[in-house]
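Okay, so here's the structure we're looking at.
The values are calculated or read from the model by the stated rules, or taken from the named source; none is laboratory data. Just so we're clear, the structure is a prediction, and the values are computed from it rather than from any experiment. Cβ placement follows ideal geometry from the backbone for every residue including glycine, while neighbour counts extend to all protein chains displayed.
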């Protein structure tokens, strides 16, 4: 198992300080390393290496890029789904959770983290529940769609008769709404 990063061992306030310095484009990684090591030295701790700071910065950048991408995707979908039914938003959330479960397993597959049976079991249960929820959502959506078609067909029946359409014309319109093909 890999040893815990010296950066991750830092006190929370020191880690926050380092993160702020690494986010500041005016400060180089070497300067950030020197600043954090000065604070660590004042507290009597062991300094962190330039390579540890570099690896941590690369990790921060990767997480930042994923977060930024997630925000852009969410903004896009929220714009598209703003007027959509809750079931569409639910489908999106299911897909996001599937993606998160997949991304959680990647470090395990790459040997970067060990997978405890408990974690594997929890992921399997989460995926099983997501799939069941997706199936339930599909069934509910189909039932809603069918009910809406039937309601529309019934409304056409009443309105078309009032408008004086023939029974054959009303039947043709209803069949189109219900998706019934005439032979």
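Among the residues here, residue 122 qualifies as within 30 Å of residue 59 (Cα to Cα), at pLDDT 80 or above and outside any loop (DSSP other than H, G, I, E, B).
The C-beta contact set for the range 123-148 (first residue free of Cβ contacts under 8 Å to residues at least 24 places away in the same chain, second residue surrounded by 12 or more Cβ atoms within 10 Å (Cβ to Cβ), distance under 6 angstrom, 6+ apart or interchain) comprises 123/101.
Residue 132 meets the conditions (1) at pLDDT 80 or above; (2) surrounded by 13 or more Cβ atoms within 10 Å (Cβ to Cβ); (3) within 21 Å of residue 92 (Cβ to Cβ) in every case but one. The failed one is (2). Residue 169: surrounded by 15 or more Cβ atoms within 10 Å (Cβ to Cβ), modelled with pLDDT of 75 or more and part of a helix (DSSP H, G or I), yes or no? So residue 169 fails the test.
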